[in-house]
Amino acid sequence: MNKKIIEQRAAKILSAENISKPPIKAEVLAESYFGLDISWETLSRKDVAADITFAEKKIRMNELLADKFRENAGFWNFTVAHELGHWVLHRNLPIDERSPQNEREADIFATHLLMPENFVREEFAKLPRWLPAEMKLDFLAKKFCVSKKAMKIRLSQRELKLIYVDFDDYSCYRSKEEFWDRGGRQIKLF
């Protein structure tokens, strides 16, 4: 599915719910807007954070990762938004159609639902210019209720390019020049 279409579907939900600033709580949208239930269950694989059962309209959070979810509200929020992405984008597909492409699409949906470009640009612009990139990242991750990793990826994406990330050691820089001056090795554009 086209990234622009996915972004438009996420924007349509935010517009319908009159959401105009962060944080966007995926759990509230899943339950109130879509009527999905969220439950804790032990899933067969520990590397799966959650899944969705379309027939039951249920997002099942992996109880084996409960501590990780409790420690990181951003991880929880993004995971619920990801599963919500499957609901919005894939619920009419055959049940065995879980593919790497569908997983990427659900991630794109979650990204645009929780961190829309205009919201991110607006909040980023409010931050002092002198603030180090890592501190900006921390502040925005908390503001948007996403993990630092998710925010780092979002801020470094081509359409935003608000920070530069060295994906060898995950350091953040305010400019391309600072990135190269400090010995950055690889800029990854998504």
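Kindly establish whether L84 is within 27 Å of N2 (Cβ to Cβ), of a type in the set (A, V, I, L, M) and either open to solvent by less than 30 Å² (accessible area, probe 1.4 Å) or not in a helix (DSSP H, G or I) (or both). So L84 passes the test. Kindly indicate whether any position in the range 135-145 is in contact with a Ser or Thr (Cβ under 9 Å, 6 or more places away or on another chain) and more than 30 Å from L89 (Cα to Cα). No. Within the range 37-70, being within 20 Å of the chain's Cα centre (by Cα) and of a type in the set (F, W, Y) holds for one residue alone: F69.
Residue pairs whose Cβ atoms lie under 6 Å apart, separated by 6 or more positions or on different chains, with the first residue in the range 22-41 and farther than 12 Å from W87 by Cβ and surrounded by 12 or more Cβ atoms within 10 Å (Cβ to Cβ) and the second at pLDDT 95 or above and among the β-branched types (V, I, T), are E27/V80. Filter the range 107-129 down to residues that are more than 13 Å from A150 (Cβ to Cβ) and small (G, A, S), then give me how many there are. Number satisfying all stated conditions: 1.
Yes/no per residue for (1) at pLDDT 95 or above; (2) touching a helix residue (DSSP H, G or I) at 6+ places or on another chain (Cβ under 6 Å):
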position	(1), (2)
P23	yes, yes
T53	no, no
V80	yes, yes
W87	yes, no
H90	no, yes
E103	no, no
P116	yes, no
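Checked against (1) at pLDDT below 90; (2) in a loop (DSSP other than H, G, I, E, B); (3) open to solvent by less than 70 Å² (accessible area, probe 1.4 Å); (4) not basic (K, R), V146 meets all criteria but (1).
The values are calculated or read from the model by the stated rules, or taken from the named source; none is laboratory data. If you're wondering where the values come from, they're calculated on a predicted model, not measured in any experiment. Using ideal geometry, Cβ is built from the backbone for each residue, glycine included, and neighbour counts are taken over all protein chains shown. Heads up: the accessible areas ignore ligands, DNA and RNA and are worked out on the full protein's heavy atoms, side chains in. Shrake-Rupley method; radii C 1.70, N 1.55, O 1.52, S 1.80 Å.
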